[in-house]
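What follows is a set of notes on a single structure, which appears directly below.
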Amino acid sequence: MIKDKMLKALNEQINKELFSAYLYLSMSAYAESIGLKGFAQWLKVQYQEELDHAMKFYTYVIERGGKVELESIDKPKNEWSSILEVFEDGYEHEQFISESINNLMDLAVSEKDYATMNMLQWFINEQVEEESSFLEIVDKLKLLDGDKRGLFMLDKDLGQRTYVPLITQN
């Protein structure tokens with residue numbers, strides 16, 4: 001059974017992951033609204049991945065005999081000045097999530113909750129990939145410096161991203 005302090009923190013993380021999904025869906029809608037369907041597709045896949053992350057935490061809590069308590073999800077931002085700002089915000093958000101997961105690990109260590117530490121290791125590795133993915137796109141957008149042809153090519157490239165359910169990844 002999970003200790004109360006750890007259970008509360010894991011439930012808070014479920015909410016953060018669900019908010020992440022909501023944020024990326026909002027970003028996708030923004031990209032659609034400015035005609036960048038490839039960026040929108042990339043962000044829709046990100047939305048689906050965040051739902052998977054929430055469900056991974058959800059399932060873990062249940063398997064450990066804890067009770068999942070869902071809270072309200074805050075309204076995400078829905079306007080940006082550019083697609084670059086979207087991905088800069090996404091990168092900052094992933095850094096926030098990484099910090100949150102690191103804090104969960106710190107708590108698991110202090111609680112000597114080895115099962116949770118083991119589960120969290122997957123998320124720590126995943127966050128390295130998440131931050132890197134956003135930063136790579138930020139860097140490319142900065143290199144393009146407003147070049148519309150380059151933006152079109154990047155949009156086409158990002159539109160190729162497909163969703164691979166978490167279950168098939170493990």
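The values are calculated or read from the model by the stated rules, or taken from the named source; none is laboratory data. Given the structure is predicted, the values throughout are model-derived calculations rather than measurements. Positions of Cβ are generated from backbone atoms using ideal geometry, with glycine treated the same way; all protein chains shown enter the neighbour counts. What goes into the accessible areas is simple: the full protein's heavy atoms, side chains included, and nothing from ligands, DNA or RNA. Shrake-Rupley method; radii C 1.70, N 1.55, O 1.52, S 1.80 Å.
Sticking to Cα atoms, compute the Rg of the range 26-77 to one decimal and its Dmax as the biggest Cα-Cα distance, whole number, in Å.
Rg then Dmax for the range 26-77, in Å: 14.9, 46.
Could you work out the Kirkwood radius for the range 1-97, taking every pair of different alpha carbons, averaging 1/r and inverting it, reported in Å?
On the way: mean 1/r = 0.0704 Å⁻¹.
Answer for the range 1-97: a Kirkwood hydrodynamic radius of 14.2 Å.
In whole Hz, with x marking every Gly and Pro, tabulate ³J(HN,Hα) for the range 133-139 from phi via Karplus 6.51 cos²θ - 1.76 cosθ + 1.60, θ = phi - 60°.
Ordered by residue, 3J(HN,Hα) equals 4, 5, 4, 4, 5, 4, 4 Hz.
Give the value in nm², to one decimal: projected area of the alpha carbon convex hull of the range 74-170, averaged over all directions. Please list the in-between numbers first.
On the way: hull surface 32.3 nm².
With the hull built on Cα positions only, its mean projection is 8.1 nm².
Would you calculate the separation in nanometres between label points at M55 and D139, each defined as 7 Å from the Cα along the Cα-to-beta-carbon direction?
According to this spin-label approximation, the distance is 3.2 nm.
Which value does Rg/Rh take for the range 70-125 over its C-alpha atoms, Rh per Kirkwood? Don't jump to the answer; show the numbers that get you there.
Details: Rg = 15.2 Å, Rh = 13.4 Å.
Using Cα coordinates only, the ratio equals 1.14.
Residue by residue, what Karplus-based ³J(HN,Hα) values in Hz, rounded to whole numbers, does the range 64-72 have, using 6.51, -1.76 and 1.60 with θ = phi - 60° and x for Gly and Pro?
8, x, x, 9, 7, 10, 7, 10, 5
For the range 1-54, restrict the atom set to alpha-carbon positions and state the Rg and Dmax in Å.
In Å, with Rg to one decimal and Dmax whole: 14.5, 49.
Expected output is a single nm value to one decimal: the length gained when fully extending between E129 and S110, i.e. 0.36 nm times separation in residues minus the C-alpha distance. What is it?
Working: separation 19, 0.36 × 19 = 6.84 nm, distance 2.62 nm.
Working it through step by step, the gained length comes to 4.2 nm.
At most 11 other Cβ atoms within 10 Å plus a DSSP loop assignment makes a site exposed; report the longest stretch of the chain without any exposed trypsin sites (Lys or Arg not before Pro).
On the way: sites that count: K67, K112.
By the stated rule (loop sites, at most 11 other Cβ atoms within 10 Å), 1-66.
Tilt of helix 83-110 relative to the longest C-alpha principal axis of the chain, in degrees (0 to 90, nearest 10)?
10
Take the solvent-accessible surface of the protein heavy atoms, probe 1.4 Å, and return the percent of it on the range 26-150 that carbon and sulfur atoms account for.
Numbers: 3320 of 6680 Å².
That fraction is 50 percent.
So what are the ³J(HN,Hα) numbers for the range 155-164, from phi and the Karplus equation (6.51, -1.76, 1.60; θ = phi - 60°), rounded to whole Hz, Gly and Pro as x?
4, 4, 5, 5, x, 7, 5, 10, 7, 10
Name the long-range amide H neighbours of I2: under 5 Å, sequence gap of 5 or more, or other chain; modelled H, no Pro or chain starts.
G66
Show me, bin by bin at 10 Å from 0, the whole-percent P(r) of the chain based on Cα pairs.
Once binned at 10 Å, the Cα pair distances of the chain give 10, 37, 31, 16, 6, 0.
Taking the range 100-164, which chymotrypsin sites (Phe, Trp or Tyr not before Pro) meet the DSSP loop condition and have no more than 14 other C-beta atoms within 10 Å? Can you show the working numbers first?
On the way: sites: Y114, W122, F123, F134, F152, Y163; in loops: Y163.
Listed in order of number, the matching sites are Y163.
Using the heavy atoms of the protein chains and a 1.4 angstrom probe, tell me the accessible area per residue for the range 1-78 in square angstrom. Intermediate values should be presented prior to the final figure.
Working: 3930 Å² over 78 residues.
Accessible surface, normalised per residue, equals 50 Å².
Roughly what angle does helix 37-63 make with the longest principal axis of the chain, taking Cα atoms, 0 to 90 degrees, to the nearest 10?
The helix 37-63 is inclined about 0 degrees to the chain.
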